[in-house]
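What follows draws every value from the coordinates through simple rules; no lab data is involved. These numbers were taken from a predicted model, which means no experiment stands behind them. With ideal geometry, Cβ positions are generated from the backbone for all residues, glycine too; neighbour counts draw on all protein chains shown.
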C-alpha cells in the first residue's frame, strides 16, 4: 500500500509520465484494484500511445479480464513498438496466449446487432401471458 501511495504522489508530481502511470496501474492490478488499474493504464496509453510497456500492460489487463479482441489489438500494437529481442519475445508470448485462449474455449461475443426486435417480442409475449392469466 505504501508503494501505491508513493506512485500516486509521483504521478501527481509528473502528470505527463506514462512510465509512472504504467507502474501505478501494475501496482493497482497486483493489489486487485481493477478499476484503478484500468484507469491508470488507459491514462498511460493516452499519454504515450507509442510506449511499449504502457501498451503491453494495458493489453495484459484486458487479456486477464477476457476482453480478448481488444487485448489482441493492443498486443499487436505493442509488438510493433518492441525495441529489442526481449520485448519482442514478451509481446509474442502474450499474443500467443491470447490467441490460444480465443481459439480454445472462450467465445468473445461482440454485440453487433440491435436487440430491439427480440426485446419487443419478449415484452409482447409477456403481455399476452399476463392478459390470458387476468382473463381467467
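What distance in nm lies between label points placed 7 Å from Cα along the C-beta direction at residue 93 and residue 122?
Once both label points are built, they end up 4.3 nm from each other.
Among 46, 25, 124, determine the one that fluctuates most according to a GNM of the chain built with springs between C-alpha atoms less than 10 Å apart.
Highest fluctuation of the listed residues: 124.
Wrap a convex hull around the Cα atoms of the range 2-135, take a quarter of its surface area, and give that in square nanometres.
Across all orientations, the range 2-135 yields a mean hull projection of 12.7 nm².
Just from its helices, what would the mean residue ellipticity at 222 nm be for the chain, if runs of 4 or more DSSP H residues each count -39500 (n - 2.57) and the sum is divided by every residue, rounded to the nearest 500 deg cm²/dmol?
Taking each H run of at least 4 residues, the total per residue is -25500 deg cm²/dmol.
Using the alpha-carbon atoms, what tilt in degrees (0 to 90, nearest 10) does helix 68-81 show relative to the longest principal axis of the chain?
So the inclination is approximately 20 degrees.
Any idea how far apart residue 69 and residue 3 come out in nm if each label point goes 7 Å out from Cα toward Cβ?
Computed distance between label sites residue 69 and residue 3 equals 3.5 nm.
How would 103, 58 line up from fewest to most surrounding beta-carbon atoms within 10 angstrom? Don't jump to the answer; show the numbers that get you there.
Numbers: 103 9, 58 28.
If I rank by nearby Cβ atoms, fewest first, I get 103, 58.
Measure nothing but the geometry: give the 0 to 90° angle between the long axis through the Cα atoms of 85-104 and the longest principal axis through the Cα atoms of the chain, rounded to 10°.
10
For each of 131, 45, count neighbouring Cβ atoms within 10 Å of the residue's Cβ, then give the residues from fewest to most.
131, 45
Determine, for 115, 41, the number of other Cβ atoms within 10 Å of each Cβ, and report the residues in order from fewest to most.
Ascending Cβ contact count within 10 Å gives the list 115, 41.
Helix 18-30 versus the longest principal axis of the chain: what angle, 0 to 90°, nearest 10, using Cα atoms?
So the inclination is approximately 60 degrees.
Using a basic spin-label model with each label point 7 Å from the Cα along Cα→Cβ, how many nm lie between residue 33 and residue 13?
Roughly 1.9 nm, to one decimal.
Starting from 0.36 nm per residue, how many nanometres of slack lie between residue 101 and residue 86 once their C-alpha separation is accounted for?
Values: separation 15, 0.36 × 15 = 5.40 nm, distance 2.28 nm.
Here the segment from residue 101 to residue 86 would lengthen by 3.1 nm.
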